[in-house]
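The values are calculated or read from the model by the stated rules, or taken from the named source; none is laboratory data. Treat the numbers as computed from the prediction; the structure is a model and nothing was measured. Don't worry about glycine lacking a Cβ; one is built from the backbone with ideal geometry, like all the others, and counts go over all protein chains shown.
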Amino acid sequence: MNLLSGMLAAALSLAGIGASHAVVRIANDQGGLIQSYLDTYDELDSSGQMVMIDGLCASACTIVLAAIPRDRLCVTSNANLAFHAAWEFGVHGRAITNREATRMLFAMYPAQVRRWIARRGGLTPRTIFLRGKPLQAMYRSC
């Protein structure tokens, strides 16, 4: 599933509520290209819509934490954020860590998320998950 169809599938406008009060629901988002998410979240930020994380938000999807103001972002008890180092295809199609993109990604996250990641060894090829009480302590519940 590409980013656009993933975001469209995740978007859920609440019936009977004006566009300024619409909610975009993120669930089951596996991530993708960083630049695509930056572009999409820039548009979403400009829209003024609320964003609800209600399931998996993995990899580049987690840029939502940097792109959407905290007062327009909430998490449900199902929210599950998955972080790892940025990567690209190298020789023979092998995934290799892109150190510069990883540094950029890490720097984008809010301070409390950076601290949480750092306490777990930083962004590495190994995926780490932020969910449950630790996540709900950082972001308001939906």
Is the stretch 44-62 home to any residue that is surrounded by fewer than 17 Cβ atoms within 10 Å (Cβ to Cβ), among the polar types (S, T, N, Q) and without any contact (Cβ under 8 Å) to a residue 12 or more places away in the chain?
yes
Condition first: of a type in the set (A, V, I, L, M, F, W, C), under 16 Å from the mean Cα position of the chain (by Cα) and surrounded by 18 or more Cβ atoms within 10 Å (Cβ to Cβ). Can you find one or more residues in the stretch 99-113 that meet it?
yes
Failed item in (1) farther than 24 Å from residue 136 by Cα; (2) in contact with a Gly (Cβ under 6 Å, 6 or more places away or on another chain), with residue 61 passing the rest
(1)
Apart from one, (1) modelled with pLDDT of 90 or more; (2) within 12 Å of the chain's Cα centre (by Cα); (3) over 22 Å from residue 102 (Cβ atoms) all hold for residue 64; the odd one out is (3)
Please name all residue pairs, on different chains or six or more residues apart, with Cβ atoms under 8 Å, provided the first residue is in the stretch 117-128 and is under 18 Å from residue 65 (Cα atoms) and the second residue is at pLDDT 95 or above and among the charged types (D, E, K, R).
128/120
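Taking the condition of being hydroxyl-bearing (Ser, Thr, Tyr) and out of contact with any Leu (no Cβ under 8 Å at 6 or more places or on another chain), how many residues in the stretch 86-130 meet it?
Quick first cut of the stretch 86-130, residues hydroxyl-bearing (Ser, Thr, Tyr) only: 97, 102, 109, 124, 127.
Checking which are out of contact with any Leu (no Cβ under 8 Å at 6 or more places or on another chain) leaves us with 97, 124, 127.
Going through the stretch 86-130 one residue at a time, the tally reaches 3.
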